[in-house]
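The values are calculated or read from the model by the stated rules, or taken from the named source; none is laboratory data. These figures come from a predicted structure and were not determined experimentally. Glycine gets a Cβ as well: all are built from the backbone with ideal geometry, and neighbour counts include every protein chain shown. Accessible surface is based on the protein model in full, side chains and every heavy atom, while ligands, DNA and RNA are left aside. Shrake-Rupley method; radii C 1.70, N 1.55, O 1.52, S 1.80 Å.
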Amino acid sequence: MYNKQDAVMTHGFAILCMLVLHLFCRTGSDVFGTPLIWLNSETPFVYLFGFYSEICVSIYSICLGYAQYLLYSFGKTTWRSTGKRILKLMVNYWILLAMFSIIGLIHSSQKTIPGSLTSFLKSIVLLHSYNGAWWFLNTYIIFLLIPPAIKFFPVIRLSVRRGLVFCFVFQVGWYLLCKFGFWPVISGDKSVIAFILNELYNLIGILPSVWAGACFCKGKIITQIHDLFFDKLRNRAMRNMILGCIWMILFISMNLIHKAVLNTVFAALSFLLFNIWEKGTVAERIWLFLGKHSTNIWLTHMFFYATLFPDLVQKAKYPLLMLGYLLVLCIVVSYVEMIIERFIYSFKNQ
């Protein structure tokens, strides 16, 4: 039931959430643009969508866990295939790194990108970052390099139901461990130990979501829920209306409870709802389009509102216009990256 096209659309959903999170999960003096509706003097209405969109990394992680466990179950997680996957992502990253480093050199009003030669060389091997969203690159690659029998140990050993319970318990335990200071504070430390601890922190943080995705794959949860739901309700409009109501309840609940520790739970439920939703042709095309460009949007969007051009997106002033403007900027860059990437790979095929 969950196929490659569904995965691409889910990536499109996740990247839209990421943009909404970074643009609108802001209050007080940090608010971007000019929101028209405010909940109070500090909080714009659009903040609710920004907070809900904190599920973005968990959605990506669920997709990662689902895909990797599926490959593992078919015996396709070889070192060669993993190496190809990593190299393809890195080529994508290196092209964008070169593009924005050149733009940074031309853009005389700032000196941080590419900065020193040392910073640029470190960025090539992911030891330095010009963009806060790039942290997931390291985490993704490290996860891929861990043997499946180790990274999926709880999913392999436990039943699907117990595996999902384990994900939740692990998430709560990890949250409490960090909240009460049992994990060392490493911000601002440039040592090798600090780097390792930070990467380990990021890796552990995504594991509950990754394992949840693997459990969904192992138990064929999407197919089971889909079949049950469709057997009970034959009317498509009624099905989508019920799913919409459930999603609204989920959205309201997440904002009312307002606890980051439950991110994985809300992300998992959103992942299931999104993939059970019977999308029309237009909706499918939109999500597929966003999914196709999701990697490039992820790797570039922060340049247009935070690092290289911090005020550019805010020129659109209103939330929906800012979101649309950011998407246009990122997608234009994405097409340029794709042209360069095809040009590079054309030499390989000659």
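Before we move on, is Ile196 at pLDDT 90 or above and open to solvent by 60 Å² or more (accessible area, probe 1.4 Å)? No: the conditions fail for Ile196. Looking only at the stretch 133-166, residues that are closer than 27 Å to Met302 by Cβ and either in contact with a Leu (Cβ under 6 Å, 6 or more places away or on another chain) or of a type in the set (A, V, I, L, M) (or both) come to 8 in all. Among the residues of this structure, Ala7 counts as one that is within 23 Å of Cys215 (Cβ to Cβ), touching a Cys at 6+ places or on another chain (Cβ under 7 Å) and small (Gly, Ala, Ser). Residues in the stretch 303-320 that are farther than 9 Å from Gly33 by Cα, in a helix (DSSP H, G or I) and touching a residue at least 24 places away in the same chain (Cβ under 8 Å): Phe303, Phe304.
Filtering the stretch 59-102 to residues that are assigned to a helix (DSSP H, G or I), polar (S, T, N, Q) and surrounded by fewer than 20 Cβ atoms within 10 Å (Cβ to Cβ) leaves Ser73, Ser81, Thr82, Asn92, Ser101. Would you pick out the residues in the stretch 233-265 that are of a type in the set (Lys, Arg) and under 17 Å from Leu21 (Cβ atoms)? Selection gives Lys259 alone. Within the stretch 145-153, is even one residue of a type in the set (Lys, Arg) and open to solvent by less than 20 Å² (accessible area, probe 1.4 Å)? Yes. One residue alone among Thr34, Thr27, Thr10, Thr78 is at pLDDT below 95, under 24 Å from Glu341 (Cβ atoms) and of a type outside the set (Gly, Ala, Ser), and that residue is Thr78. Which of the residues spanning the stretch 231-248 are open to solvent by 80 Å² or more (accessible area, probe 1.4 Å) and under 18 Å from Phe45 (Cβ atoms)? Answer for the stretch 231-248, where residues must be open to solvent by 80 Å² or more (accessible area, probe 1.4 Å) and under 18 Å from Phe45 (Cβ atoms): just Met248.
For Ser61, the stated conditions hold: it is over 18 Å from Met302 (Cα atoms), within 20 Å of the chain's Cα centre (by Cα) and among the polar types (S, T, N, Q).
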